[in-house]
Amino acid sequence: MSVRALLVLPLLLMLAAPAQAQTRTYCCNDSTGRRTCGDSLPQICYDRAYYEILGGRVVREVEAPLTPEQKARREVELRAQRAKVAKEAEARRRDQVLLDSYATVGELDRRRDRDIGNIEGEIRAARAREADLVAQNAQLEKQKPAKGAIPRTLSENIAVNASELEGIRQVIASKLREIEQLRASFDADRKRYVELTETPVVPHR
């Protein structure tokens, strides 16, 4: 071998080494645990977890495709996670609205008293109407004849009175429930507002 060939041969080996080192190999284990590898992904690895080897080391691992049951379970988990994130975002939004709506706890209390006071005013008006209807009903009852059929007009007036009386009592009951719900809502808002605004007490050392 000539001197020139001896000088060129190491250079060729050096150039070939990186090419060999960069060969990518795909491997997986079959159902018996036997490893199967190839320069491209072997067909047996299509529905299995596999890994890629480059330069003699594993550079990437790929999970096996999910089964239908695993896909369904994953979807349930993702929906639950999305719901949790949405709930947390809504809680943060409500907290910010609460802080933007009231400068102090006293302001929140005054808003509660004003809103409840408005409904209580509506209830007082409804109770006054209820009292009028009860009085009207008493007058209508007195007009009933002692004997014989009740006149048609009187019967219709009694029915109208009874219907309106039932309606006004339903309104009163609804307004009372509205006050209970409003109190509960303001109590929850007040508690949360205090939690968001109170300054933690740092113990003296």
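Note on K191 and R152: their simple-model spin labels are 6.1 nm apart, each label 7 Å out from Cα toward Cβ.
Taking only Cα atoms of the chain, what ratio of Rg to Rh do you get with Rh as the Kirkwood inverse-distance radius? Before the final figure, lay out each step's value.
On the way: Rg = 41.5 Å, Rh = 27.5 Å.
Computed over Cα atoms, the ratio is 1.51.
Relative to the longest principal axis of the Cα atoms of the chain, the long axis of helix 3-21 makes an angle of roughly 20 degrees. Against the chain, whose longest principal axis comes from its Cα atoms, helix 152-197 is set at around 40 degrees. Angle check, please: helix 105-142 long axis (alpha carbons) against the longest principal axis of the chain (alpha carbons), in degrees 0 to 90, nearest 10. Rounded to the nearest ten degrees, it is 40. Total lysine pairs in the chain at Cα distances under 27 Å, for residues eight or more apart or on different chains: 5.
D100 to E164: FRET efficiency via 1/(1 + (r/R0)^6), r the Cβ-Cβ distance, R0 45 Å, to the nearest 0.05?
The computed FRET efficiency comes out at 0.55.
The GNM of the chain, with springs linking C-alpha atoms under 10 angstrom apart, assigns the highest mean-square fluctuation among A159, A184, A126 to A159.
Only one residue of F186, S155, A72 has its Cα farthest out toward the positive end of the dipole of the stretch 71-205, where Lys and Arg carry +1 and Asp and Glu -1 on Cβ, and that residue is A72. Estimated from the Cβ-Cβ distance and a Förster radius of 35 angstrom, the FRET efficiency linking R110 and S174 is about 0.90.
Every number here is computed from the coordinates shown, using simple stated rules; none is lab data. This one's a predicted model, so the numbers in the text were calculated from it and none came from an experiment. Because the Cβ atoms are built from the backbone with ideal geometry, glycine has one as well, and the counts that use them run over all protein chains shown.
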